[in-house]
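The values are calculated or read from the model by the stated rules, or taken from the named source; none is laboratory data. Predicted model, so just to flag it, every value in this text is computed and none were measured. For neighbour counting, all protein chains shown are included, and Cβ atoms are generated from backbone atoms with ideal geometry for every residue, glycine included. For accessibility, only protein heavy atoms count, side chains too; no ligands or nucleic acids. Shrake-Rupley method; radii C 1.70, N 1.55, O 1.52, S 1.80 Å.
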Amino acid sequence: MSRLFADADDVRRRLDEVGHLVDDGTATALLLATLLDRPLLLEGEPGVGKTSAAKALAKALDTPLIRLQCYEGLTAGEALYEWNYQRQLLAVRLTETHGRELSDADLFTEDFLLDRPLLRAVRHQGPLPPVLLIDEIDRADDEFEALLFEFLGESAISIPELGTFTAVRPPVVVLTSNRSRELHDALRRRCLYHWIDFPTPDRTAEILRRTVPAANEPLIASTTEFIGRVRELDLDKAPGMAEAIDWVTALAALRVARLARDDIVRTLSTVAKSPDDRTAVVGALDALGYHEEARTP
C-alpha cells in the first residue's frame, strides 16, 4: 500500500501549497493518521485551525472531503445510513398493481439504501481514501459516541438487514473537539490525539500576510502582537485565527496603516464576541500600551 505522504516535512509542504500552515506537531499527527490508518482526534481552543486542517488535508491529497457536523440530538440515521422509505413505498405500490407482493428481503437491499457520511466514507471507491471530518464531536450526545466505536475501531458499519460493510482502504478520519464536554475514554482509545495551540506570532503573521494581502507589515506586526496579548486576558472566547483574519481585513479595508486605540475600539466587534469580552479588552487597553491620546503602541 503506497504512502500518502513521505514524511512530516512533506505534509507541511503540501498543506502549505494549498494555503494552510501547520507546525511540526500537527504535521506529524496528520502523517501518523495516514500511516497507521487510525482516526485522529484534534482538540484545541475554537479558532486554532482544527477544521481547516482536515479541509486542507483533503485538498492536498486531492481526495473528497466528507463532513459530518455534530450537534445535540444527532441520530444514527443522519450519520450512518437511512432507508429510502418513499422509494420502498413506491416499489410496493408498483408490484401490487401487477398482483405481486414484495418481501422484506426485497425491500431492504442496497437499492433502497441512503448513504450518510460514515457509510459514504466506508463505501468510497476512489483511488485514494477520502478524508472524513467528524466536526465538533463534543457537541453530540454521549450516546452518539457509542455508535462510532465500531466504525472508528474497524472502519466498518453493520446494517442488520445487509450485514457489515468494511472499507477496502480506511478513510482518513479527523475528529475535532472544543472540549465543551469530556469525551468517552473508549473513543479516545480508538484515536490518535493531538492538541493544537494558537499559532506562534511568526506563524500568525505569515497566515495574515497570505490571507490579507492588502495589509501592510506595520499593521500585521501590531495586530499580531495585540492578538497575542489579548489571548492572555480572562475572556469567554479568546480570539482565534478566524477573528484575527477578520480583524486585519476590516482594518485594511478602513485603510489603517498601523494599529491605534481608536482603530481597536471601532473594530472590536471582529475580535470580541460577547459584551463581557468587549468590556475586558477595552478595560485592558491602557495596560496594553494603547492610551487615549496615543496613535501608536
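Taken together, Pro170, Pro130 contain a single residue that is over 30 Å from Val92 (Cα atoms) and in contact with a strand residue (DSSP E or B) (Cβ under 8 Å, 6 or more places away or on another chain), which is Pro130. Checked across the range 242-250, the condition of being surrounded by fewer than 20 Cβ atoms within 10 Å (Cβ to Cβ) and at positive phi holds for no residue. Taking the criterion of being among the hydroxyl-bearing types (Ser, Thr, Tyr) and either open to solvent by 10 Å² or more (accessible area, probe 1.4 Å) or free of Cβ contacts under 8 Å to residues at least 12 places away in the same chain (or both), the residues of the range 144-183 that qualify are Ser155, Ser158, Thr164, Thr166, Ser180. Considered as a group, the residues in the range 77-97 that are of a type in the set (Phe, Trp, Tyr) and either farther than 18 Å from Glu161 by Cβ or not in a helix (DSSP H, G or I) (or both) include one that is nearest to the chain's Cα centre (by Cα), and that residue is Tyr81. For the range 210-229, does any single residue satisfy the condition of being basic (Lys, Arg) and within 30 Å of Asp37 (Cβ to Cβ)? Checked against the condition, which is being basic (Lys, Arg) and within 30 Å of Asp37 (Cβ to Cβ), the range 210-229 yields no hits at all.
Scanning the range 113-143 for residues that are open to solvent by less than 30 Å² (accessible area, probe 1.4 Å), out of contact with any His (no Cβ under 8 Å at 6 or more places or on another chain) and in a loop (DSSP other than H, G, I, E, B) turns up Pro129, Ala140. Among the residues of the range 30-48, not a single one is surrounded by fewer than 15 Cβ atoms within 10 Å (Cβ to Cβ) and under 20 Å from Arg210 (Cβ atoms). All of (1) at pLDDT below 95; (2) of a type outside the set (A, V, I, L, M); (3) under 15 Å from the mean Cα position of the chain (by Cα) hold for Phe108 with one exception: (3). Going by what's in this entry, would Thr26 be described as more than 23 Å from Arg209 (Cβ to Cβ), part of a helix (DSSP H, G or I) and under 18 Å from the mean Cα position of the chain (by Cα)? Taking the combined requirement at face value, the residue does not satisfy it.
In the range 203-222 there is at least one residue matching the filter, namely being of a type in the set (Lys, Arg), open to solvent by less than 60 Å² (accessible area, probe 1.4 Å) and within 25 Å of the chain's Cα centre (by Cα).
When Glu232, Glu243 are checked against the criterion of being within 21 Å of Thr279 (Cβ to Cβ), touching a residue at least 60 places away in the same chain (Cβ under 8 Å) and of a type in the set (Asp, Glu), a single residue qualifies: Glu243.
For (1) open to solvent by 80 Å² or more (accessible area, probe 1.4 Å); (2) under 30 Å from Glu17 (Cα atoms); (3) touching a residue at least 12 places away in the same chain (Cβ under 8 Å), each residue gets a yes or a no:
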position: Leu65; (1), (2), (3): no, yes, yes
position: Leu74; (1), (2), (3): no, no, yes
position: Gly77; (1), (2), (3): no, no, yes
position: Trp83; (1), (2), (3): no, no, yes
position: Gln86; (1), (2), (3): yes, no, no
position: Glu96; (1), (2), (3): yes, no, no
position: Glu101; (1), (2), (3): yes, no, no
position: Asp104; (1), (2), (3): yes, no, yes
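Only residues that are free of Cβ contacts under 8 Å to residues at least 60 places away in the same chain and hydroxyl-bearing (Ser, Thr, Tyr) were counted in the range 1-27, giving 1.
Across the range 252-270, the qualifying residues are those that are within 15 Å of Pro213 (Cα to Cα) and free of Cβ contacts under 8 Å to residues at least 40 places away in the same chain, and the one among them that is most open to solvent (accessible area, probe 1.4 Å) is Arg255. The helices (runs of 4 or more DSSP H) found entirely in the range 196-279 that carry 1 or more residues being over 17 Å from Gly49 (Cα atoms) and among the hydrophobic types (A, V, I, L, M, F, W, C) are 217-230, 241-253, 261-266.
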